[in-house]
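**Student:** One structure, as structure tokens, below. Some questions next.
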Amino acid sequence: QVQLVESGGGLVQVGGSLTLSCGVSGSSSSVYGMAWYRQAPGNPRELVATILNRATTDYRDSVKGRFTISRDDASNTVYLQMNSLKPDDTAVYYCNAYPITFTNWGQGTQVTVSS
């Protein structure tokens with residue numbers, strides 16, 4: 001059974017940076033496309049960034065130029081580097097496979113951007 005463990009969130013001021021990590025166990029992440037998702041209170045979960053292999057990445061418009069997704073298949077880890085953070089980036093961030101997600105989601109990691 002695949003397990004996803006997100007970490008690296010926290011409280012940061014507007015304009016700050018954070019790097020999120022996602023450890024994948026129970027399967028090799030290298031065979032999957034992976035993605036970061038986020039969910040703000042009262043909102044549905046939304047797709048933030050995807051990575052199909054080391055070179056093929058995509059981002060939602062609101063984070064383009066600020067966020068960078070990457071992966072280390074040797075350690076089954078997916079990263080999300082977030083720069084120039086804005087209050088609208090406040091959410092719980094999750095990683096999962098893409099485009100078809102694993103059934104079980106991790107607990108997520110809270111990112112709070114204060115103004």
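**Student:** With a ≥ b ≥ c taken as the square roots of the eigenvalues of the C-alpha gyration tensor of segment 57-96, please select rounded if a/c is under 1.5 and otherwise prolate if a/b is larger than b/c or oblate if it is not?
**Tutor:** Working: a/c = 2.32, a/b = 1.74, b/c = 1.33.
Prolate, because a/c is 1.5 or more and a/b exceeds b/c.
**Student:** Further, regarding this structure: Taking the Cα centre of the chain as origin and charging only Cβ (+1 Lys, Arg; -1 Asp, Glu), how large is the dipole, in debye to the nearest 20?
**Tutor:** Details: 8 positive and 8 negative charges, 20 e Å.
Computed about the Cα centre, the dipole is about 100 debye.
**Student:** Mind checking the log10 I(q)/I(0) for segment 1-66 at q = 0.14, 0.23, 0.27 Å⁻¹? Debye, one equal scatterer per Cα, no solvent, two decimals.
**Tutor:** Each listed q corresponds, in turn, to -0.53, -1.30, -1.42.
**Student:** Could I ask something else about it? Between Q1 and A55, what FRET efficiency comes out of the Förster formula 1/(1 + (r/R0)^6) with R0 = 25 Å and r the beta carbon distance, rounded to 0.05? Please list the in-between numbers first.
**Tutor:** On the way: r = 30 Å, r/R0 = 1.19.
It comes to 0.25.
**Student:** Could you work out the relative contact order of the chain, using alpha carbon pairs under 8 angstrom and six or more residues apart, expressed as a whole percent? Numbers along the way, then the final one.
**Tutor:** Working: 275 pairs, mean separation 42.9, N = 115.
Relative contact order of the chain: 37 percent.
**Student:** Taking 0.36 nm per residue of separation and subtracting the Cα-Cα distance, what length does fully extending W105 through S62 add? Each step should come with its number before you reach the end.
**Tutor:** On the way: separation 43, 0.36 × 43 = 15.48 nm, distance 2.37 nm.
Contour length minus Cα-Cα distance gives 13.1 nm.
**Student:** Additional query: In 5 Å bins starting at zero, report the fraction of Cα pairs in the chain per bin as a rounded %.
**Tutor:** Binned Cα distances yield the sequence 2, 13, 25, 26, 19, 10, 4, 1, 0.
**Student:** A further question on this structure: Taking a probe of 1.4 Å, how large is the accessible area per residue of the chain, in Å²?
**Tutor:** Values: 5840 Å² over 115 residues.
Result: 51 Å² per residue.
**Student:** Pop a pseudo-label 7 angstrom from the Cα along the beta-carbon direction at both Q13 and S114 and give the gap in nm to one decimal.
**Tutor:** 1.0
**Student:** Counting only protein heavy atoms and using a 1.4 Å probe, what share of the accessible area of the chain belongs to carbon plus sulfur, as a whole percent? Display every interim value, and only then the final one.
**Tutor:** On the way: 2840 of 5840 Å².
Exposed carbon and sulfur together represent 49 percent of the surface.
The values are calculated or read from the model by the stated rules, or taken from the named source; none is laboratory data. Everything quoted here is computed from the prediction, not taken from an experiment. Quick reminder, even Gly has a Cβ in these numbers, built from the backbone with ideal geometry, and neighbours come from all protein chains shown. Note: accessible area is taken over every heavy atom of the protein model, side chains too, but ligands, DNA and RNA are not part of it. Shrake-Rupley method; radii C 1.70, N 1.55, O 1.52, S 1.80 Å.
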